[in-house]
Amino acid sequence: MHSLPHGLLILLLLSLAGCGFQPRGSSGLPQDMAVTYIQGAKPWSSIYEEFRDALEDRGAVVTGTRDEATAVLRILENASRRDVLTVDIGGKVQELQYVQMIRFQVTARDQQVLVPEQTVTARRDFVFNKTEILAKERESQFVRQALQRDVVNLAMLRIMAAGRAEQVSP
């Protein structure tokens, strides 16, 4: 009686494996990124932590020693800025735009470029209300953190695309 459901489950798993299905959390990273060193960010910085977490979530090991690494993720630039979008009649800021940008590249141990230099940028508008200064300051901090997470996720999508291209090419 139990053999029929187990048989269907096995058949389903085999059909999914045969079609190339990978669960969403699957690595998809270039194989050379199994052990990755992050260069260009301090190990205690938030951008380093975001990249470390994203790489580890995808099965990579992040090392603090470059000699142990099979790949290097170079953070060439990490910049954020705040632009004023609108002001009221008295010249007070009403609306801001936060911009977060990173420029990165991934190379293998032998200096082969796995992911060429790329730039990812995220923007988010923020309405400022002078009567809620403390709440808006905290919200502003959350927006900046979310933007940083967004650019790291965008960078990881590009890195994983390179990994998929590597798997497809002979």
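So here's what we get for this one:
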| read-out | value |
| --- | --- |
| Burial ranking of peptide ranges 149-156, 90-97 (average Cβ count within 10 Å, highest at the top) | 149-156, 90-97 |
| Whole-Å semi-axes of the range 34-170's equivalent ellipsoid (Cα gyration tensor) | 36, 15, 12 |
| Accessible area of the range 59-157 belonging to carbon and sulfur atoms, whole % at 1.4 Å probe | 49 |
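The values are calculated or read from the model by the stated rules, or taken from the named source; none is laboratory data. From a predicted model like this one, the values you see are computed outputs, not experimental measurements. Using ideal geometry, Cβ is built from the backbone for each residue, glycine included, and neighbour counts are taken over all protein chains shown. Side chains are part of the model used for accessible areas, which takes the heavy atoms of the whole protein and leaves out ligands, DNA and RNA. Shrake-Rupley method; radii C 1.70, N 1.55, O 1.52, S 1.80 Å.
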